[in-house]
Amino acid sequence: MRIIDTQRSGNCWKVRLLASFLGINLRRTTLSIDRGDLKSATFVADAPMRRVPVLELDDGSMLSESGAILFYLAHGTRWWPQELNDQAQTLAWMHFEQEQHMRPLAKLRLHLALKKDLPLLDAQVRNWLQESNDALAILEAHLTTGRHWVSTNTAPSISDVALYPYTRMAPMGGVALNDYPLVQAWMARIESLPGYEPLFPGQPDLNLSTLETSS
Ligand SMILES: N[C@@H](CCC(=O)N[C@@H](CS)C(=O)NCC(=O)O)C(=O)O
């Protein structure tokens, strides 16, 4: 299988992270948004939704959306729970991540760290900060219930993988994690799992880097 990704995308990091936990060796085609690669006819042909990540399956078909890709890779493994209730809870937290969590955290990181020259209003920053802190407070309150993992308490699942990258990179967008000690402890648990893969392979100190190395 092959992942089409970009170097600093949190949505792509989710996929490489799970693959690494599962010991799956994904071939990697890394594109550059700055270079305009996502506008190319080749990419659009591979990615009808015009976003990364895309997973090329062994039969040559292409799968978009990080959540769908996580499900595809995790199915039949311990990262996709067996019980119906746990499966539903996992989906609920993955929808929360896409709807309430990833969007404001990613916007702040994009505008305040990665592309500082994009037009930006103070009111937008205030809204995204509020929404980001609301989402992190929800996660903190959920973990306060004695939970080790987000949707099942016995083992990590793909909801933990989905929620990890943009939480980890929140400080890049000016969102401090000091007020969320249980979230920090949960991230440390993820980072101590065998197979943990940082944003830049083998370089955990670059998880908050704005660097894009040429490829
Ligand atoms: N819901 C999608 C979001 C994917 C997404 O927004 N990807 C960004 C990179 S993190 C992208 O492709 N951006 C390109 C663009 O906006 O042109 C997922 O979870 O896969």
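Within region 74-90, track down each residue that is surrounded by 15 or more Cβ atoms within 10 Å (Cβ to Cβ), of a type outside the set (S, T, Y) and either near the ligand (Cβ under 10 Å from one of its atoms) or touching a residue at least 60 places away in the same chain (Cβ under 8 Å) (or both). Walk me through how you get there before you give the answer.
Looking only at region 74-90, we keep the residues that are surrounded by 15 or more Cβ atoms within 10 Å (Cβ to Cβ), and these are 74, 79-81, 86-87, 89-90.
Remaining after also requiring of a type outside the set (S, T, Y): 74, 79-81, 86-87, 89.
Within region 74-90, A74, W79, W80, P81, D86, Q89 meet the criteria.
Residue-wise test of (1) among the β-branched types (V, I, T); (2) under 25 Å from Q124 (Cβ atoms).
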| residue | (1), (2) |
| --- | --- |
| S159 | no, no |
| Y166 | no, yes |
| A170 | no, yes |
| G173 | no, yes |
| M187 | no, no |
| E191 | no, no |
| P194 | no, no |
| Q203 | no, no |
| T210 | yes, yes |
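So which residues in region 189-215 are more than 19 Å from T6 (Cβ to Cβ) and at pLDDT 95 or above, if there are any at all?
R189, I190, E191, S192, L193, P194, G195, Y196
If I ask for residues that are closer than 18 Å to L206 by Cβ and open to solvent by less than 30 Å² (accessible area, probe 1.4 Å), which ones from region 16-49 would you list?
Residues satisfying the conditions are R16, L17, S32.
Hey, can you tell me all the residues within region 37-51 that are of a type in the set (F, W, Y) and in a loop (DSSP other than H, G, I, E, B)? Reasoning before the result, please.
Let us first name the residues in region 37-51 that are of a type in the set (F, W, Y), namely 43.
Those that are of a type in the set (F, W, Y) and in a loop (DSSP other than H, G, I, E, B): none in region 37-51.
Of all residues in region 95-127, how many are closer than 22 Å to T6 by Cα, more than 12 Å from the ligand (Cβ to nearest atom) and either not assigned by TED's automatic domain parsing to the domain that holds H142 or not in a helix (DSSP H, G or I) (or both)? Give the steps one after another, and end with the answer.
Start the filter on region 95-127 by keeping residues that are closer than 22 Å to T6 by Cα, which leaves 97-99, 101-118.
Those left that are additionally more than 12 Å from the ligand (Cβ to nearest atom): 104, 108, 111-113, 116-117.
Pick out the ones that are also either not assigned by TED's automatic domain parsing to the domain that holds H142 or not in a helix (DSSP H, G or I) (or both) and you get 116-117.
Selection size over region 95-127: 2.
Are any of the residues in region 52-63 modelled with pLDDT of 95 or more, assigned to a helix (DSSP H, G or I) and open to solvent by 30 Å² or more (accessible area, probe 1.4 Å)? Lay out the reasoning, then the answer.
Step one: of region 52-63, the residues modelled with pLDDT of 95 or more are 52-63.
With assigned to a helix (DSSP H, G or I) added as a condition, the list becomes none.
No, there is no match, as no residue in region 52-63 is modelled with pLDDT of 95 or more, assigned to a helix (DSSP H, G or I) and open to solvent by 30 Å² or more (accessible area, probe 1.4 Å).
Pick from region 58-73 the residues that are of a type in the set (S, T, Y) and within 15 Å of the chain's Cα centre (by Cα): which of them is nearest to the ligand (Cβ to nearest atom)? Give the steps one after another, and end with the answer.
Going through region 58-73, the residues of a type in the set (S, T, Y) turn out to be 61, 64, 66, 72.
Subset that is within 15 Å of the chain's Cα centre (by Cα): 64, 66.
Details: S64: 7, S66: 4 Å.
Within region 58-73, the match that is nearest to the ligand (Cβ to nearest atom) is S66.
State the number of residues belonging to region 1-36 that are in a helix (DSSP H, G or I) and either charged (D, E, K, R) or more than 10 Å from the ligand (Cβ to nearest atom) (or both).
Final tally of qualifying residues: 8.
Do we find a residue being in contact (Cβ under 8 Å) with a residue 12 or more places away in the chain, charged (D, E, K, R) and farther than 24 Å from E99 by Cα anywhere in region 134-142? If you could, list the steps in order and put the result at the bottom.
First pass over region 134-142, keeping only residues in contact (Cβ under 8 Å) with a residue 12 or more places away in the chain: 134-140.
Retained after the next criterion (residues that are charged (D, E, K, R)): 134, 140.
Keeping just the survivors that are farther than 24 Å from E99 by Cα gives none.
No.
The values are calculated or read from the model by the stated rules, or taken from the named source; none is laboratory data. As the structure is a computational prediction, the values presented were derived from the model and not from experiment. Ideal geometry is used to build each Cβ from the backbone, glycine not excepted, and the neighbour counts take in all protein chains shown. These area figures cover heavy atoms from the full protein model, side chains too; ligands, DNA and RNA do not enter into them. Shrake-Rupley method; radii C 1.70, N 1.55, O 1.52, S 1.80 Å.
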